[in-house]
Every structure is written in structure tokens, then in C-alpha cells.
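Visitor: Quick one: this structure, given as C-alpha cells, is what I'll be asking you about.
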Amino acid sequence: MNPVIEKIAKEAGINTEQAEKALQSVSGHLKDKLPYLLHSQIDNLLQGGSLSDGVKQKFESLKDDLENSTKDFGAKAQEFGQEVGKKIGEIFKK
């Protein structure tokens, strides 16, 4: 059980289903007001995690994306270099 839902239910004197609906409402409101990049941190916090865990997950995801992009860029740069080399070779053969 989500510790945040338990806390809401206990402190507000409502059942867990009502507490879950309240939490979903607050989550939706925060996501409407804050940038998309923070949505995973909001989810993490509202599930009982810490902000640092959410930030760490986001940076790991960004790191993975950057590594993949760098590999793709390297492969494309190599292909481009080979094509340029072929074209230059063709020019000088004429």
C-alpha cells in the first residue's frame, strides 16, 4: 500500500479509495502546473519516494538517451565521412 495514501486516509478520516482519488486529483493538478520534466518526480514523491530518487532516475534516463544519441551520431558521421571520401575519389579520377 502506498504510504502517502495511508497517511491521507488516516489524517483526513477517509477510506483508502477516497484517499487515492484525492491523491490522483492533487497529482493531476501539480502536473498541469509544472513542466513535463517534473512529472516523474511528482509520481515518485506521491508514491512515498524522495525527490532525490526521482531526480536520480531522470538523470539516468537522460544519460542513457545521450549515450544512444552519441552512438548514433558517431555511426552517421562515419558513414558521412566514407561518402565524402568516395565523392572526392570520384572527382580526382576524372
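Only the coordinates and a few stated rules stand behind these numbers; no lab work does. Please read all numbers here as calculations on a predicted model, not as lab measurements. Ideal geometry is used to build each Cβ from the backbone, glycine not excepted, and the neighbour counts take in all protein chains shown.
Visitor: Suppose we filter region 34-55 for residues that are of a type in the set (S, T, N, Q) and loosely packed, with under 12 Cβ neighbours inside 10 Å; how many remain?
Guide: Residues meeting the conditions: 2.
Visitor: Which one of these is of a type in the set (Gly, Ala, Ser) and closer than 21 Å to Met1 by Cβ: Gly81, Gly74, Gly89, Gly48?
Guide: The conditions single out Gly48.
Visitor: If Val84 meets every condition in (1) surrounded by 10 or more Cβ atoms within 10 Å (Cβ to Cβ); (2) under 26 Å from the mean Cα position of the chain (by Cα) apart from one, which number is that one?
Guide: (2)
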